[in-house]
Amino acid sequence: MTIIGLGEDGLAGLSPASRAALAAAEAIFGGPRHLDLIGAAGKGQSWPVPFDPTPVLAHRGKPTVVLASGDPFWFGAGGSLMAHLSGGEWISHPVPSTFQLAANRLGWRLEEVLCLGLHAAPFARLRPLLGRGVRAICTLRDGAAVGELAEWLAANGHPNARLTVLERLGGPLERITAGVPVDPIGAPVSVAIEATETGLPGASGLPDTLFQHDGQITKRPVRALTLSALAPRKGEVLWDIGAGSGSIGIEWLLAGAGRVEALEADPARAARARGNVDAFGLGHRHRLHEARAPEGLDGLAAPDAVFVGGGASEALLLRLWDIMPAGCRLVLNAVTIETEALVLDWSARMGGGLLKVDLSEPVAVGGKRGWKAGFPILQWSVTR
């Protein structure tokens, strides 16, 4: 199988090796635009919608070509096919990607630019990434998506972002426009973004107002202390037990960790948590189960860290201690007297660190102000 990157210049931009593979192919797979660019005629077969590699795999062992835009392994079909192929079954011939062409047209250092495939992903993926001075190049679904992206940016803290729309790069119909064109926009299309407003803070403990919640949320200062104790690292998996608003799992992912497996038994809170996760563009790395612990723990990916934000019990801790792998970190925040007694007992036997958190906020007292204390929180953190 030969995977061929294709530009808007069609056959003219292909190497001799790519041309030879096309000539020898029994079948050529690609989007309608790709097939038209090379004149695939009777050999051409359009991709199923939604995308499905099954028709390609049916030609395994036969001379077959797969067409993709630019670099097949940069948000292209190449990566999707690799789950089904072994190393000796394919060869790839890339041409310059949309990101390379865009950076060269704009004079941007590509190593300093975010490159995002938003043709098949939500705009919310941008939310954790944009900030003053950040540059991004984003591929989009079609011309209509350009206006939709501009509206999303305006509604999500970046109304003054500078946009450059790049259409059909590398071909005779190439067009580059500062701002959103008023006339129809041709595909393939990408948008270059230069952000001018501040983005999300980089430290743990985001403002509570960024999350939808019903009061069941780990408050900002406690959340910062909890994330510090959980110590997220690249590629790690968190179990968020009693997810509530999902704020702990969201900040775990924003810190650069790998994935979250969350449990929340209340359907309304589960729906709200999913909405919060999606609003931060993190749904592809966060999986929420409407279940209670310990029953809902079966079948989850092994954790590197566990946070218990609600529903702690002797049965839960026994189950966790049994299934957590060596080196797994457990953080539990106790609010009630009963949970605090449970924590004190377990910490005496298993070790770890204890932290008592007492927070007060000013409230009106007549015409003046006084301090109102919240419930004290006992935090236990321990490594299995």
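I'm trying to understand the selection: among the residues of the range 182-203, which are part of a loop (DSSP other than H, G, I, E, B), touching a helix residue (DSSP H, G or I) at 6+ places or on another chain (Cβ under 8 Å) and in the same structural domain as Trp108 (by TED's automatic domain parsing)?
Ile185, Ala187, Pro188
Which members of the range 14-47 meet the condition of being exposed (fewer than 12 other Cβ atoms within 10 Å of the Cβ) and within 32 Å of the chain's Cα centre (by Cα)?
Of everything in the range 14-47, just one residue is exposed (fewer than 12 other Cβ atoms within 10 Å of the Cβ) and within 32 Å of the chain's Cα centre (by Cα), namely Pro32.
(1) modelled with pLDDT of 95 or more; (2) in the same structural domain as Arg141 (by TED's automatic domain parsing); (3) among the aliphatic types (A, V, I, L, M): which one isn't true of Val65, the others all being true?
Of everything listed in (1) modelled with pLDDT of 95 or more; (2) in the same structural domain as Arg141 (by TED's automatic domain parsing); (3) among the aliphatic types (A, V, I, L, M), Val65 misses just condition (2).
Among the residues in the range 38-61, are any in contact with a Ser or Thr (Cβ under 9 Å, 6 or more places away or on another chain) and more than 25 Å from Ala187 (Cβ to Cβ)?
The answer is no; no qualifying residue exists.
Can you name the strands (runs of 3 or more DSSP E) wholly within the range 262-380 that have at least 1 residues being surrounded by 20 or more Cβ atoms within 10 Å (Cβ to Cβ) and touching a residue at least 60 places away in the same chain (Cβ under 8 Å)?
Those strands (runs of 3 or more DSSP E) span 305-308, 329-334.
The values are calculated or read from the model by the stated rules, or taken from the named source; none is laboratory data. Since we're looking at a predicted model, the values are computed, not measured. Positions of Cβ are backbone-derived with ideal geometry, glycine not excepted, and every protein chain shown enters the neighbour counts.
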